[in-house]
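To start, the structure under review is shown below, and the notes come after it.
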Amino acid sequence: MGVLGEYPVDTMLAKLDEAVRQWQEADPTTPVQPALQLIAVTAQGAPGKDGMYRLRMDTALIEKVYGWAKQRNALLFLDIQVGHSTMQKELPRLIPFLSRPDVHLGMDPEFSMHYSKEGVVPGKKIGQFDAKDINWVSEQLQQLVSEKNIPPKVLVIHRFRTEMVSHAPQIALDPRVQIVMDMDGWGPPWMKFESYRDYIDLDPVEYTGFKLFFHNDVKRGDRLLTPAELLWLRPRPLYIQYQ
């Protein structure tokens with residue numbers, strides 16, 4: 001999906017290289033760590049055989065993308081869109097990958113159809129995670145870090161509305177897991193800045209992130225925000241994602 005699957009591998013990696021170069025030039029004092037993100041569990045508009053409205057990427061594909069990341073000494077983020085499933089059901093099969101020191105995790109509340117959205121088809125309404133869901137995942141990652149004696153895990157929560165993460169102040173922090181609230185909305189620059197203020201700055205939790213969309217951000221004639229512009233934000237986002 002997105003850049004990862006839209007272009008030939010060499011073209012995609014070249015775009016990654018260019019983004020890294022731009023950020024290095026914009027902020028020479030902060031080392032840039034490249035990464036790729038694969039949606040390893042993708043929400044679906046149809047129920048599938050088990051009625052969970054999600055599709056699991058197979059091990060071979062995850063290994064392939066991991067190999068692409070290794071070509072650039074990049075991290076790999078595995079993102080989960082649970083649909084009608086749960087993190088408790090989807091996370092265990094990814095633990096072997098997350099046991100590697102350079103593989104991290106993302107959660108996508110938009111496609112978690114529980115709480116007031118129980119039974120709704122993903123994509124028809126905006127979904128939700130609660131702090132208790134995020135805390136459960138964080139606890140699994142904390143345990144993994146301790147057992148495997150590996151560096152802290154990064155846990156990215158993609159968000160573009162307040163209600164997508166309920167009870168955010170109750171998210172527990174632990175040095176073994178670095179939690180990023182990522183502004184995931186697309187649109188013109190003014191709207192993205194307002195979303196960052198309303199949904200990230202007011203509930204930063206620990207670290208903040210900002211997503212840029214190569215196509216959706218510019219499809220109405222607007223331009224893509226530059227690294228220099230994002231560096232003016234406060235708090236300054238440490239996680240930047242291009243899709």
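For the stretch 23-80, please list each of the strands (runs of 3 or more DSSP E) lying entirely inside it that holds at least 3 residues being among the aliphatic types (A, V, I, L, M) and at pLDDT 95 or above.
Strands (runs of 3 or more DSSP E) meeting the threshold: 35-43, 75-80.
Among Ile126, Ile150, which is under 21 Å from Asp184 (Cβ atoms), free of Cβ contacts under 8 Å to residues at least 60 places away in the same chain, out of contact with any strand residue (DSSP E or B) (no Cβ under 9 Å at 6 or more places or on another chain) and hydrophobic (A, V, I, L, M, F, W, C)?
After ruling out the rest, the residue left standing is Ile126.
So, in the stretch 101-119, of the ones that are assigned to a loop (DSSP other than H, G, I, E, B) and within 15 Å of Gly83 (Cβ to Cβ), which residue ends up nearest to the chain's Cα centre (by Cα)?
Residue satisfying both the conditions and the ranking: Asp108.
Which ones in the stretch 154-198 are among the acidic types (Asp, Glu), surrounded by 23 or more Cβ atoms within 10 Å (Cβ to Cβ) and over 16 Å from Asn216 (Cβ atoms)?
Hits for the stretch 154-198: nothing passes.
Could you please let me know if Leu141 is modelled with pLDDT of 95 or more and either within 17 Å of the chain's Cα centre (by Cα) or among the acidic types (Asp, Glu) (or both)?
So Leu141 passes the test.
Would you please name the residue that is nearest to Ser166 (Cα to Cα), looking only at residues in the stretch 120-131 that are in contact with an Asp or Glu (Cβ under 9 Å, 6 or more places away or on another chain) and part of a loop (DSSP other than H, G, I, E, B)?
Gln128
Any idea which residue in the stretch 82-106 is nearest to Ala40 (Cα to Cα), counting only those that are touching a strand residue (DSSP E or B) at 6+ places or on another chain (Cβ under 8 Å) and of a type in the set (Gly, Ala, Ser)?
Here the residue is Gly106.
For residues that are touching a residue at least 60 places away in the same chain (Cβ under 8 Å) and of a type outside the set (S, T, N, Q), scanning just the stretch 214-237, find the one that is surrounded by the fewest Cβ atoms within 10 Å (Cβ to Cβ).
Filtering the stretch 214-237 for residues that are touching a residue at least 60 places away in the same chain (Cβ under 8 Å) and of a type outside the set (S, T, N, Q), the one surrounded by the fewest Cβ atoms within 10 Å (Cβ to Cβ) comes out as Ala228.
Restricting attention to the stretch 83-100, which residues are under 18 Å from Val156 (Cβ atoms) and part of a helix (DSSP H, G or I)?
Within the stretch 83-100, Met87, Glu90, Leu94, Ile95, Phe97, Leu98 meet the criteria.
Which pairs turn up if I take residues in the stretch 100-117 that are surrounded by 21 or more Cβ atoms within 10 Å (Cβ to Cβ) and look for partners that are small (Gly, Ala, Ser) and assigned to a strand (DSSP E or B) with beta carbon separation below 7 Å, at least 6 apart in sequence or on another chain?
Phe111/Ala43; Phe111/Gly83; Met113/Gly83
The values are calculated or read from the model by the stated rules, or taken from the named source; none is laboratory data. A quick note: this is a predicted structure, and the numbers were derived from the prediction, not measured. Quick reminder, even Gly has a Cβ in these numbers, built from the backbone with ideal geometry, and neighbours come from all protein chains shown.
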